[in-house]
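Read-outs: derived from the displayed coordinates by stated rules, not from any lab. Computed from a predicted structure; not experimentally measured. Please note: Cβ atoms are built from the backbone with ideal geometry, for glycine as well, and neighbour counts cover all protein chains shown.
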Amino acid sequence: MLVPENRTIAFPFEIILGSASPRRKQLLEGLGLQFSVEAIDANESVWPAHLKAHEVPLFLAELKSKAYPGELNENQVLITSDTIVWCDKQVLNKPLDFEEGKKMLRQLSGKMHEVYTAVCLRSAKKQTLFYDRTAVYFKMLSDTEIEYYLNHYQPYDKAGAYGAQDWIGYVGIQKIEGSFYNVMGLPVRQLYEELLKF
């Protein structure tokens, strides 16, 4: 979704998206923002064991911000973000392979789980952290459906081994309570409001 250049919204600062995620880039474009993209190398697979639910992505979003390789000037705002799936009181992160993806989707099948996305906004002078929560309800998924999805969509870069915007969302999601875009990886309405305040 590309926004024509004459329809972009101008903020009084330069926005940098610290993410290699094509979905987050697409969502920022959908907001009508002008921004540059900088991939950040940070270890997303480790966090303090006592952290639960929303605390995990808040920690990781800030971790990514701190891993930004350059110095921000006064006219720059860096956006970093992290999304997790929380089910049965545990984090389902990105699956390593087919078998782990299958195990995750079986765990989500027929249940409600929560998706938390946290965002860190940071400039040279200040920082803001916030998060959003969305409840997602899956129908009972057959092994045939799970295997078809994993084979054809290979969602190994997605928390919980699925994208709500993919085929599995079309056939498997019964109901969503909260922001759909939060499940995709960015709570865009909340982000827009925070940028206005920033």
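A few comments on the model shown:
- Spin-label proximity, GLN26 to the stretch 93-113 - amide N less than 20 Å from point 7 Å beyond Cα toward beta carbon: 94-95
- Local net charge near PRO22, Cβ-Cβ under 12 Å (Lys/Arg +1, Asp/Glu -1): +2
- Taking the centroid of alpha carbons for each part, the stretch 107-161 and the stretch 31-102 are 12 Å apart.
- Anchor LYS66: lysines whose Cα lies under 16 Å away (excluding residues fewer than 8 positions away in-chain): LYS125, LYS126
- Binned Cα-Cα distance frequencies in the chain - 5 Å width, integer %: 1, 8, 16, 20, 19, 15, 11, 6, 3, 1, 0
- Extension gain (nm, one decimal) between SER142 and HIS50, 0.36 nm per residue minus Cα-Cα: 29.7 nm
- P(r) weight above 15 Å for the stretch 75-122, C-alpha pairs, percent: 55
- Those residues of the stretch 157-192 whose amide nitrogen sits under 15 Å from the label point placed on ASP88, 7 Å along Cα→Cβ: 160-161
- The calculated 222 nm mean residue ellipticity attributable to helices in the chain amounts to -9000 deg cm²/dmol, summing -39500 (n - 2.57) over DSSP H runs of n ≥ 4 and dividing by all residues.
- Gain on full stretching of the segment that runs from PHE11 to GLU193 - 0.36 nm per residue minus C-alpha separation: 64.3 nm
- With a simple spin-label model that places each label point 7 Å from the Cα along the Cα-to-Cβ direction, the separation between ALA135 and ALA39 comes to 3.8 nm.
- Eligible lysines near LYS139 by straight Cα distance, threshold 25 Å, same-chain separation 8 or greater: LYS89, LYS94, LYS102, LYS103, LYS111, LYS158, LYS175
- Residue order, fewest to most surrounding Cβ atoms within 10 angstrom, among LYS125, LYS25, LYS103, LYS158: LYS125, LYS103, LYS25, LYS158
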